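None of the figures in this text is laboratory data; all of them are computed from the coordinates on show. All of these numbers come straight from a predicted model, not from anything done at the bench. Quick reminder, even Gly has a Cβ in these numbers, built from the backbone with ideal geometry, and neighbours come from all protein chains shown.
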Amino acid sequence: MNGIRIKILAALKSGLFSNTRLPVLAVVGFVILTPALQRTAGAQGSRTLIKPTATLTAKAAVSRTPEEIDQAKTSMGPVQPGTVVPSFRPTTDASSYQAAKQAVATGATARPATSAPAPLAPPALAGVNFNGVAEGTSCQPFVCAPPDTHGAVGLNNFVEITNSRISIYTKAGTLVKSMSLNAFFGIPSSAATFLFDPRVVYDRTWDRWVITADQLNTTSTEQFFFIAASKTGNPAGAFFKYEVDMDIFDNGDIFDYPQVGLDQDAVIFTGNVFNSSDVFQYAEMFAVAKARLYNGLGFSVPIFTGLDGTLAPPIVLDDSSNTFLVAAPPAVGGTAITKYTLTNSSRSFDAGLVASTITVDSYTIPQNASQPGTAAVSTRSTRDSSTQARRLVIRSGTCTLSMLMGFFPHPVSMNSTPMRTRSSRVASSSPAAVRMTGTPPSR
C-alpha cells in the first residue's frame, strides 16, 4: 500500500464520510504516514521543526443526554470491589530514576523535626470553600491510589473529577450531581473497564466543559481515551462523547497521564506513551478544532509524537497566533526546559510545531519525604510529582507556567507534598526570554 497502513475499526464503515450524525459510538481510525513524511527534525538555529507521524480520524460523536446519564447511573449496578493501583511509570528508565533519587538524597540535609509537633491549625481560607468528594468514596467500589483530583470552575458551577467519579457543585458548595466516570461515559463498570487519569477544563469563551478519562488497554492493540464536550454551559446537561483508540501503532503501547488545554480555536490533548513493559517512549500531542468538538462533528487531525515527557498544554486567555506547550525534562541539576510552539492549531494539516530549549535556573527531582516515626514517603515519579511543568496559562503572548521541583524536605504531615513551586514567564518573542519567580530548592 505504498507504505501507508490504515487502521479502521468495524463500526467505522457506517457513516464515516457522511454528514448525517448517527447515534453510534464515535470510533476512530489512523493513517500512518509514509517514511518520507514521518517526523523529521530540521535545525533552525535553536529551533527544531517537528512533523506529525500519524493522523487521528474520528466520526461524529455520541450524544449523551442527562436522562441517559442518570439511567446509566442506576442501571449499571454494583461491581465486585477491588484495588486499582496504577503502574509506576517514570519518564526515565528505572535505573536512571533511582540514580537521580540517590544523588538527591546523598546531598540532603533535612530540617530537624520536633518530637511532639503541635496539632495543625485549620488553614486560613478566603472566600467560599467547601469539602469535595472524600477519597474513600471517590472510587467506590474500588480503592484508588492516588485519587487524581482535578477540577474547574465555570459561570455557575464547580466540577471536581477524580479516580473515578465526577461531582458537580454550585459555586456555593451545594452538590448538584455525582456519578462514576463509567456512568457518565456510558461504559459498563468493571476492573477491566476502569476509567482513570481524568481531567476537566472550562472554556470561558464558549461556555463549554471538556471532560476526559483514560482506560486500561482492552486488548493488546487497543486502548481507549474518552472525550466529552458539553452542549451548553451546564455541566449537568447534555454532552457529546468521543471514544478514541490511542494505540495508534497496534503494538500494545499505553497512553498515560493525559492532559487537556485550550487556545482560542482548539482543544489540545497531550499524554505520555509507554510500551507494554511500562518503559517510557515519548509524549504525544494532538489538537481538535472547537468548531468540530463543540458540535459533535467528526475530525481528522495530525498527531505529533517523539516529544518530551509530561508535556503541559496551556489554557490560553488571549487570541495569540502562537500556543506554547512546556515540558521540564527530569534531571538532577537540570538547567533547561523545552518549549513547543504550536501554530494553526485548529486547521488540522496546516498545524505546525517547533521545539526550542530555554535555559533556566537549576532544578532537580525530589528525594523521598521523611515522616516522623515511619519510613519516608515516596514522592513518586517524574510523571506526577517532580520536575513536571504543571499549570500553564498564556495571556498577551506570554506564557506563565508553574513547575513542581524537589527540595530537601523536613518531616511533613501525611498527604503533604515535599515540593516548592516556581513560576516562569516565557516571552513569545525570544526562546531565551524567561523570568523566574518563586523560592528555589534549598539545601
Can you pull the semi-axes for region 165-288, root of five times each eigenvalue of the Cα gyration tensor, sorted largest first, whole Å? 27, 18, 11
Under 5 Å between amide H atoms, partner at least 5 residues away or on a different chain: which partners does Leu216 have, H built in plane at 1.01 Å? Phe194
Take peptides 365-377, 314-326, 127-139, 285-297 and line them up by average Cβ neighbours within 10 Å, highest first, as a rough protection proxy. 285-297, 314-326, 365-377, 127-139
Ordering of 214-226, 198-210 by burial proxy (mean other Cβ atoms within 10 Å per residue, highest first): 198-210, 214-226
Identify all lysines with a Cα-Cα distance to Lys339 below 29 Å; exclude those on the same chain that are fewer than 8 residues away in sequence. Lys51, Lys101, Lys290
Based on the mean of other beta carbon atoms within 10 Å per residue, what is the order of 166-172, 253-259, 95-101, most packed first? 253-259, 166-172, 95-101
Calculated FRET value between Phe249 and Leu155, using beta carbons and R₀ = 30 Å, to 0.05: 0.15
What's the FRET efficiency of Gln102 with Asp70 using the Cβ-Cβ distance as r and R₀ = 60 Å, to the nearest 0.05? 0.70
Distant-in-sequence amide H partners of Ala61 (H built 1.01 Å from N, under 5 Å): Leu297, Gly298
How far, in nm, would the chain grow between Asp350 and Ala134 when pulled straight, counting 0.36 nm per residue and subtracting the alpha carbon separation? 73.3 nm
Quick one: check the C-alpha center-to-center distance for region 184-201 versus region 278-356, whole angstrom. 24 Å
